[in-house]
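The values are calculated or read from the model by the stated rules, or taken from the named source; none is laboratory data. Only a predicted model underlies this, so the values are computations on that prediction, with no experimental measurement involved. In this analysis, Cβ positions are derived from the backbone assuming ideal geometry, glycine residues included, and neighbour counts consider all displayed protein chains.
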Amino acid sequence: MPERSSKQMERLIKSNLVAAPKPEDIVAKPPSMLGVRLRHARLVAGLTMMQVAQKSQCSESLISKIEAGQASPSLTMLHRIAVTLATNISTLTTEEAPREGPVLLNGERPVIKVGGISLERITLPKRGGFLQANIHIVPPGKSSDGLIEHVGEEVGFVLEGSIELVLGTECHMIQAGDAFHFSSQTPHGYRNTGKVAARIFWVNTPATF
């Protein structure tokens, strides 16, 4: 028997031909892996949602929605939350168990999406690791949404497209073939002002993303 569409079901319910579903029959969408891990990290840290929100400079409502899988934070905001919880973005977002071995073949590297930006893993997160490398894939018009700063050092190489790299009060337009290096303690961020997606090979230490 073919399944009825939602509109057909609504008409049948209104006509009293079909009983409305009971609350216990409605299955809620489960929280995302990010939401589950964020809540776990918050509870381990002994912090309330309000405390995390205040330290991360966001609203308590946003923290609640992220934990429930109803909102996706920007890269900058997720970094602030991770710092508040004494962890990093990798720990909060990696859904698969790290693969063994030194080689990650093309097409088999995990990709995570944060606030419209994708991070293709070049190194997989592991406890005690100091080095982290990703390919940042930034669609046109997308940005890191603000500046972040933390302990460490970063180096990168633009593979495709172009981005505007913001370092403190300076803005640098860089394109395919250009490289950069800076202290992570310098407030930094980026945005794609071009018409094509940018791909940047980005290495930082210690592990931040």
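Just a few scattered comments:
- Number of positions in the range 69-96 that are buried (at least 17 other Cβ atoms within 10 Å of the Cβ) and more than 14 Å from the chain's Cα centre (by Cα): 2
- Among the candidates 131, 147, residue that is in contact with a helix residue (DSSP H, G or I) (Cβ under 9 Å, 6 or more places away or on another chain) and either basic (Lys, Arg) or loosely packed, with under 15 Cβ neighbours inside 10 Å (or both): 147
- For the range 73-103, a residue qualifies if it is closer than 11 Å to residue 34 by Cβ and modelled with pLDDT under 85, and the qualifying residues are 89, 91, 92, 93, 94, 95.
- Checking each residue in the range 104-128 for being among the basic types (Lys, Arg) and either modelled with pLDDT of 80 or more or buried (at least 16 other Cβ atoms within 10 Å of the Cβ) (or both) picks out 109, 113, 121.
- Qualifying residue in the range 166-179 (condition: over 14 Å from residue 207 (Cα atoms), in contact (Cβ under 8 Å) with a residue 60 or more places away in the chain and in a strand (DSSP E or B)): no
- All positions within the range 189-209 that are in a strand (DSSP E or B) and crowded, with 17+ Cβ neighbours inside 10 Å: 189, 190, 191, 198, 199, 200, 202, 204
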